[in-house]
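Throughout, read-outs are computed from the coordinates displayed, never taken from laboratory work. The model shown is predicted, which means the values in this text are computed figures rather than measured ones. Cβ sites come from the backbone with ideal geometry, for glycine too, and all protein chains shown count toward neighbours.
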Amino acid sequence: MITEKLQKAINDQITAELWSSNLYLQMSFYMEKEGWDGAAHWLAKQSEEEREHATDMAHYLIKRGGEAKVSMVDVVPEGWGSFSEVFEHVYKHECHVSELIDSLVDIASSEKDKATQDFLWGYVREQVEEEATAASIVDKIKKAGNTGLFYLDAELGKR
Ligand code: FEO
């Protein structure tokens, strides 16, 4: 059985994951409007992934005898600037999510809940990948130049 404190913390993270999902969906719409269909596709996939994180956390809570909640999700920003600025924001956001997950592990640890720590380590590892992927896209954008951006956009569309 999961403790109340940990249940609340995971429910807060579910809300944060849904916010991330909306953030990436908004970015996807923005890039589609800007004519970058590949980046829009990549961001839409990212949005789906964030929603999966939220639902996986909810399934975990229920499995442990807890209750999963869908709380109100704050409105996300819009208007993102250049191709590069969009992905710089993705990178910064993933670094922020890593901090949130680290804090959750700390709470699970203070509650002496080994199973939840183990469950959360999966997300800690995944954040390493998420940060690295976003950083690598930012790096490629810098190297691409104007013509290269069209190639990069096509590559992002293959996700
Ligand atoms: Fe749910 Fe991108 O981390």
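Evaluate E = 1/(1 + (r/R0)^6) for residue 121 and residue 74, where r is the Cβ-Cβ distance and R0 equals 25 Å; express this FRET efficiency to the nearest 0.05. The partial results should precede the final answer.
Working: r = 28 Å, r/R0 = 1.12.
Computed FRET efficiency for residue 121 and residue 74 comes out at 0.35.
Which one of 65, 25, 13 has its Cα pushed farthest toward the positive end of the charge dipole of the stretch 1-76, where Lys and Arg give +1 and Asp and Glu give -1 at the Cβ?
Result: 65, furthest along the dipole toward the positive end.
Post the alpha-carbon centroid distance, the stretch 1-59 to the stretch 115-159, in whole angstrom.
Cα centres, the stretch 1-59 to the stretch 115-159: 15 Å.
Calculate one ³J(HN,Hα) per residue across the stretch 109-118 by plugging θ = phi - 60° into the Karplus curve 6.51 cos²θ - 1.76 cosθ + 1.60, and present them in order as whole Hz with x for glycine and proline.
Running phi through 6.51 cos²θ - 1.76 cosθ + 1.60 with θ = phi - 60° gives 5, 5, 8, 6, 9, 5, 4, 6, 4, 4 Hz.
Around residue 2, which amide H atoms from residues at least 5 apart in sequence, or from another chain, sit under 5 Å from its own amide H, with H modelled in the peptide plane?
Long-range HN contacts for residue 2: 66.
Could you give the dipole magnitude of the stretch 1-107 about its Cα centre, charging the beta-carbon of Lys and Arg +1 and that of Asp and Glu -1, in debye to the nearest 20?
Values: 9 positive and 20 negative charges, 85 e Å.
My answer is approximately 420 debye.
Read phi for every residue in the stretch 26-41 and hand back ³J(HN,Hα) as whole Hz from Karplus 6.51 cos²θ - 1.76 cosθ + 1.60, θ = phi - 60°, with x for Gly and Pro.
Each residue's phi maps through the Karplus curve to give 4, 5, 4, 4, 4, 5, 4, 5, 6, x, 9, 5, x, 5, 4, 5 Hz.
Counting other C-beta atoms within 10 Å, and keeping those with at most 15, which DSSP coil GluC sites (Glu not before Pro) do you find in the stretch 79-157?
Working: sites: 85, 88, 94, 99, 111, 126, 129, 130, 131, 155; in loops: 111.
Of the GluC sites (Glu not before Pro), not one in the loops of the stretch 79-157 has a Cβ with at most 15 other Cβ atoms within 10 Å.
Against the globular-protein guess of 2.2 N^0.38 Å, express the Cα radius of gyration of the chain as a ratio, rounded to two decimals.
Numbers: Rg = 17.1 Å, N = 159, 2.2 N^0.38 = 15.1 Å.
For the chain, the normalised Cα radius of gyration comes out at 1.13.
R0 = 30 Å: FRET efficiency of residue 133 with residue 5, Cβ-based, nearest 0.05?
0.40
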